[in-house]
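Data block below; observations after.
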Amino acid sequence: MRMKCSQILMECLLEQGVDTVFGYPGGTILNIYDELELHGYKNKIRHILTSHEQGASHAADGYARATGKVGVCFATSGPGATNLTTGIATAYYDSSPTVFITVNVAESLMGKDTFQEVDMTGISMPITKCNYLVKDPDQLADVIREAFAIARSGRPGPVLIDITKNVTSSEADYEYLPVSEHGRHGRLGAMLRRSSHDLRTPEPDHSDIDKLLGMIEEAQRPLILVGGGVIRSKGAVPEFRRFFETLNAPVASTIMGGGACPGNHPLFTGMIGMHGSHASNYASSACDLLIAIGCRFSDRVATDPVSFAAQAKIVQIDIDRSEIDKNVETDHHIIGDARRVLELINEKLPAHDYPAWKADVFSHKELIPAEDGKLHPHHILDAISELTGGQAIIATDVGQHQMWSAQYYHFSRPGQLITSGGFGTMGFGLGAAMGAKTGCPDQTVVLCTGDGCFRMNCHELATLEHYHIPVVIVVFDNGTLGMVRQWQHLIYGERYSQTDLDRGPDFVKLAEAYGLHGARAKSVEEFRAAFQDALDRGTACVIDCAIDKDAMVHPMVPGGAAATDFLLD
Ligand SMILES: Cc1ncc(C[n+]2csc(CCOP(=O)(O)OP(=O)(O)O)c2C)c(N)n1
């Protein structure tokens, strides 16, 4: 059927089952926005108009992380498109399946520094899995189908489609094609036929599995390290649980692996690395076999890649061949999707137990700060845990509050912790929480943020209010850029250069200005009452929590130091 390309785009989104798009309009993308009205697509695809394109990009990412579906974001050319870049990079570093659709100036105006022209494919090249500039109307449907397939296949990630404005107003032929057929037709079909490449992940090499099973038999002190790859791999978590319970060995997690092993499981040693637990960091230094699944050994995990797990044989299981030996030299690797690799291991793995090794690891306990009647970060997180029954989706920003959230809230399922682990994007949290709540309306969504991060994108409160998206926002308000201050305290001789946030706004009044409820908490009792009230209200609320400026994230291993060289215990 002959159709305008702006309509083809909508039809292609429907093919993919897209029900929500986050975005912001402008001159070049007008044909697409007009389509939402003209043929009533707005009744099939909910468009959330954010306050800023960055908020839309994080919302699409948060939606993807919480639902496991592809998150979609629209923006216009020039500044609209460049405002997406931080969001695209954030999604890229954390392998979040997202499709960003921008519209550029007409092809006849390209290369002339036309108003709001920008080379978005060039800009996004290093932060996307793949990107496209669509100049041919006949290519549009195929490109969209390919983009979605790439975003969600293998190691997921962001894909950008930049379309020239003249294409959006041109006509082309369109026939509905179910997603199951996409790999057999058009561009995607041709690509798959032409190359040996298959978007499906190849079957793991069974001899690699057998080699790992042999290494397990020889080990006396195995440690399992779980990363975000297990969270992103659909259906991997039950297989992972079967694996670690059969091996019956300690399980440490990266921040992105949060939720793969229940936080209160007796085998769980907690987060590893720079702000990892004593038990996890000790275990990594003392183990004789480290089995890392879906983890790329970032500098926050292997603070010193040379001494990391120095006594151990290291086995890396990853879907992405390029991650093997990138940061840490390994002794064995298995390439494959985490679910399938674990399934194959589980078929042959006999039950084990390591009582002495586990007793040794779990003798390393965390220090609980002494009670002094003040409101401490762990009180806030304990109360959130208790009042949400440990079931809430927790979105975070970046800084101390992020580490406290990862340390103290017990996550029990994939998609429950939504945090910018790889890129460390301040300002991510509010948009991401909005996207998570939009995708999972039946779940409680809490944003744990810092006063610095919240200030960065707090204008999205208007979006929460307008669309009635009830996110509970908890501001860990220490009046400072806490994580940077912590480094200044420990490493820079207490020279607190430009980290004091001795300024407004009053977050309670800010919430009210956006038509939302605001509350202040200075004690545990006040926080519990305010948080319960926020849950009961069913609207977005901001709770401003006064915490100590010098509260620190314990433990801390500085970058470059060995896992047990704590600067802070
Ligand atoms: C966009 C961006 N700018 C700067 C940083 C560097 N940075 C990391 S944590 C942090 C402090 C965050 O302060 P706040 O939001 O108050 O959280 P806290 O650490 O106090 O919990 C800064 C400035 C960053 N990660 N992202």
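The values are calculated or read from the model by the stated rules, or taken from the named source; none is laboratory data. What you see is a predicted model; the values in this text were computed from it and never measured. Cβ sites come from the backbone with ideal geometry, for glycine too, and all protein chains shown count toward neighbours. Surface areas here come from the heavy atoms of the whole protein model, side chains and all, with no ligands, DNA or RNA. Shrake-Rupley method; radii C 1.70, N 1.55, O 1.52, S 1.80 Å.
Send over a whole-number figure in Å² for the accessible area per residue of the range 2-193, probe 1.4 Å.
Normalised by residue count, the accessible surface of the range 2-193 is 36 Å².
Find out how many positive minus negative residues lie around residue 512, taking Lys and Arg as positive, Asp and Glu as negative, among other residues whose Cβ is under 11 Å from that of residue 512.
Residues near residue 512 contribute -1 overall.
From the backbone phi of the range 252-265, what are the Karplus-calculated ³J(HN,Hα) couplings (6.51 cos²θ - 1.76 cosθ + 1.60, θ = phi - 60°) in whole Hz, Gly and Pro given as x?
9, 9, 7, 5, 6, x, x, x, 6, 10, x, x, 9, 6
Using only DSSP helix segments of four residues or longer, with each worth -39500 (n - 2.57), what per-residue ellipticity at 222 nm results for the chain after dividing by its residue count and rounding to 500?
On the way: 23 runs with 214 residues, N = 569.
Roughly -11000 deg cm²/dmol at 222 nm, from the helical runs in the chain.
For residue 103, list long-range residues whose amide hydrogen, built 1.01 Å from N in the peptide plane, is under 5 Å from its own amide hydrogen.
Under 5 Å from the amide H of residue 103: 75, 77, 163.
For the range 206-362, state the average projected area of the convex hull of the C-alpha atoms over all orientations, rounded to one decimal in nm². Display every interim value, and only then the final one.
Details: hull surface 30.7 nm².
If you wrap the Cα atoms of the range 206-362 in a convex hull and average its projections, you get 7.7 nm².
Hey, what does the equivalent ellipsoid look like for the range 497-569, semi-axes from the Cα gyration tensor as sqrt of 5 times each eigenvalue, largest first, whole Å?
Details: eigenvalues 223, 56, 25 Å².
Over the Cα atoms of the range 497-569, the ellipsoid semi-axes are 33, 17, 11 Å.
Can you grab the distance from the C-alpha centre of the range 239-255 to the C-alpha centre of the range 55-89, Å, no decimals?
33 Å
How long are the three semi-axes of the equivalent ellipsoid for the range 395-507, computed from the Cα gyration tensor as the root of 5 times each eigenvalue, in whole Å, largest first?
Equivalent-ellipsoid dimensions as semi-axes: 26, 17, 10 Å.
Using only the Cα atoms of the range 2-193, what are the Rg and Dmax in Å?
For the range 2-193, the Cα-based Rg and Dmax read 15.0, 43 Å.
Heavy atoms only, 1.4 Å probe, whole protein assembly: order 47, 468 by accessible area, highest first.
468, 47
Can you tell me the length gained on complete extension of the stretch residue 356 to residue 517, counting 0.36 nm per residue apart and subtracting the Cα distance?
So the extension gain works out to 52.7 nm.
Which whole-number value in Å² is the accessible area per residue of the range 344-462, probe 1.4 Å?
35 Å²
Over all directions, average the projected area of the Cα convex hull of the range 471-528 and note it in nm². Intermediate values should be presented prior to the final figure.
On the way: hull surface 20.8 nm².
Mean projected area of the Cα convex hull: 5.2 nm².
Percent of Cα-Cα pairs per 10 Å bin, from 0 to the last occupied bin, for the range 157-218, please list those.
14, 25, 28, 15, 10, 6, 1
When all protein chains stay in place, what accessible area (Å², nearest 10, 1.4 Å probe) is found for residue 108?
The value for residue 108 is about 90 Å².
Out of residues 5 or more away from residue 27 or on other chains, whose amide H comes under 5 Å of its own, with H placed 1.01 Å from N in the peptide plane?
Here the answer is none, since no amide H 5 or more places off falls under 5 Å of that of residue 27.
Sorted by mean Cβ packing within 10 Å, highest first, what order do the peptides 84-97, 436-449, 172-185, 294-307 take?
For the peptides 84-97, 436-449, 172-185, 294-307, the packing ranking is 84-97, 436-449, 294-307, 172-185.
Evaluate Rg over Rh across the range 306-430, taking Cα atoms for both radii and Kirkwood's formula for Rh.
Details: Rg = 18.9 Å, Rh = 18.5 Å.
Expressed as Rg/Rh, it is 1.02.
So, taking all protein chains as they sit and a 1.4 Å probe, how much accessible area belongs to residue 34, in Å² rounded to tens?
The accessible area comes out at roughly 70 Å².
Near residue 348, which lysines are there with a Cα under 25 Å away, not counting those fewer than 8 places off in the same chain?
Excluding near neighbours in sequence, the set is 211, 234, 313, 358.
For the chain, what percent of Cα pairs sit more than 35 Å apart? Working shown, then result.
Values: 63549 of 161596 pairs.
Summing the P(r) tail past 35 Å for the chain gives 39 percent.
Could you tell me which residue out of 243, 161, 446 lies farthest along the dipole of the chain toward its positive end? Charges go on the beta carbon: Lys and Arg +1, Asp and Glu -1, centred on the Cα centre.
It is 161.
Round to a whole angstrom and tell me the spacing of the C-alpha centers of the range 435-495 and the range 333-397.
23 Å
Using a probe of 1.4 angstrom, how much of the accessible area of the chain is carbon and sulfur, in percent?
With neighbouring chains kept in place, the figure for the chain is 51 percent.
Work out from phi, with θ = phi - 60° and the Karplus expression 6.51 cos²θ - 1.76 cosθ + 1.60, the ³J(HN,Hα) of each residue of the range 41-52, listed in order in whole Hz, and give x for Gly and Pro.
Those phi angles translate into 5, 4, 7, 10, 10, 6, 9, 9, 7, 8, 7, 7 Hz.
Leaving out same-chain residues fewer than 8 places away, which lysines sit with a Cα under 28 Å from that of residue 135?
Cross-link targets: 4, 42, 44, 69, 112, 165.
For the chain, with only Lys/Arg (+1) and Asp/Glu (-1) charged at the beta-carbon, what is the dipole magnitude about the Cα centre, in debye rounded to 20?
Value, rounded to 20: 600 debye.
Just to be sure I understand: of the beta bridges DSSP finds with both ends in the range 377-546, what percent are antiparallel, rounded to 5?
Once the DSSP bridges in the range 377-546 are tallied, antiparallel ones form about 5 percent.
Only sites in a loop by DSSP and with at most 10 other Cβ atoms within 10 Å count here; which trypsin sites (Lys or Arg not before Pro) in the range 347-431 make the cut?
Those satisfying the criteria are 365.
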